[in-house]
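Accompanying notes for the structure given below.
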Amino acid sequence: MSQPIPSVMTGVQLVGHGGTDQLVYRTDIPTPVPGPGEVLVKVAAAAVNNTDINTRIGWYSKSVKGATEDLAEKGATDDADDASWAGVPLQFPRIQGADAAGRIVAVGEGVDPARIGERVIVRNMLRTYVDYRPYECWTFGSETDGAFAQYAKAPSRETYRVDATWTDVELATIPCAYSTAENMLHRAGVAAGEHVLIAGASGGVGSAAVQLAKRRGARVTAIAAASKAAELLELGADRVVARGESLVKALGRDSVDVVVDVAAGPAFPELLDVLRKGGRYAVAGAIAGPLVELDVRTLYLKDLTFLGCTFQEDEVFENLVGYVERGEIRPRIGRTYPLSEIGRAQEDFLTKTISGKLVLVIPE
């Protein structure tokens, strides 16, 4: 170790499923010690993501039928046995936070001490703890403690050095939202010249998908509230269709090559109506509601491909780091908060009124 590491740290522990009252700010949490193959990161900033809220309220449980915002105040369930990404009970207390940006301050056995001092971000979908088995992963901040604390440990192999002039707040926006968006585009094989329709485009993942799809040379139509149209056009969208407007009337049937979706909900059927024959539908969220109406005839008669996108191949995160270092993407920051105001930050997040990412600044 190159500097003294305190035995206790400040952080936020989730102590049970429910409202923001389940988030407890503490100054006496034992500082994690990196094990073999791990590094210890001094966290500088951590963004707020929908997955943090979904995990807090137990939304991942199959007993939940509604949208995130319908359940966020009191929580979806008190004791669900399938309320985590892995489909098993969440272990409490848990330090959440899928996005960690900071510097390596210590290393475990087998890790080159030269890594100490590196400026890094941590991959949020961790494969090390499941022996790199295909289609298996742990989520940073769900199956293992995450970034809502002064220190976090993570596999060295999945902690990436980033050489960029970005601020810590900007770097903290990348791991969860941008990797989710890039993974959908990667899995769908989006190519230059294709027409990509992005649902939920004004959110963190959606706005990342707009930038990343344009980076690939795609033509992008974004679905969002009319009040967000100017911002999405500035990010690179070629067109914005107001949420609630008929997609068939606006775009025409069979006019889209790829749909990128994190919303699902009642608007789902029209997403398939505007897909061309042989089109691809990629999904990584269901914030508008997980249960949708599917006419299976649309699926098979149009030869559509459905892609559920959680697991990420290694190249997805590696590519993102390259995009950052080459200045090919740039996040939009909406507001920052001290870690102690995590409850207010999540409440503001759910209002969907603040444009750009909401980021927690971790105390020194």
Please give the peptides 152-165, 309-322 ranked by average Cβ packing (other Cβ atoms within 10 Å per residue), highest first, as a rough proxy for protection. 152-165, 309-322
If the only charges are +1 at each Lys and Arg Cβ and -1 at each Asp and Glu Cβ, what is the size of the charge dipole of the chain around the Cα centre, to the nearest 20 debye? 780
By its C-alpha gyration tensor, with a ≥ b ≥ c as the square roots of the eigenvalues, how is the chain shaped: rounded for a/c under 1.5, else prolate for a/b larger than b/c, else oblate? prolate
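Let me have the relative contact order for the chain, percent, based on Cα pairs under 8 Å that are six or more residues apart.
Details: 891 pairs, mean separation 63.6, N = 364.
Normalised by residue count, the contact order of the chain is 17 percent.
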Signed unit charges on C-beta, dipole axis of the chain, positive-most listed residue N49, V162, A282: A282
Treating only the Cβ atoms of Lys and Arg (+1) and Asp and Glu (-1) as charged, compute the dipole magnitude of the range 179-308 about its Cα centre; round to the nearest 20 debye. 220
Can you compute the helix-only [θ] at 222 nm over the chain? Use -39500 (n - 2.57) per DSSP H run of at least 4 residues, normalise by all residues, nearest 500 deg cm²/dmol. -6000 deg cm²/dmol
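Give the value in nm², to one decimal: projected area of the alpha carbon convex hull of the range 179-308, averaged over all directions. Display every interim value, and only then the final one.
On the way: hull surface 26.7 nm².
About 6.7 nm², averaged over all directions.
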Picking from V241, P6, V316, whose Cα lies most toward the positive end of the charge dipole for the chain (charges on Cβ: Lys, Arg +1; Asp, Glu -1)? V241
Counting only other residues whose beta carbon sits under 11 Å from that of V41, what net charge do I get with K and R as +1, D and E as -1? +3
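Quick one: compute the contact order of the range 179-308, relative version, from alpha carbon pairs under 8 angstrom and 6+ residues apart, as a percent. Could the numbers behind the result be given before it?
On the way: 287 pairs, mean separation 29.8, N = 130.
Answer for the range 179-308 is 23 percent.
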For a protection proxy built on the mean count of beta-carbon atoms within 10 angstrom, sort 8-19, 346-357, 297-308, 115-126 highest first, please. 115-126, 8-19, 346-357, 297-308
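Read-outs: derived from the displayed coordinates by stated rules, not from any lab. Just so it is clear, the model here is predicted, and its values are computed rather than measured. Virtual Cβ from ideal backbone geometry, glycine too; neighbours counted across all protein chains shown.
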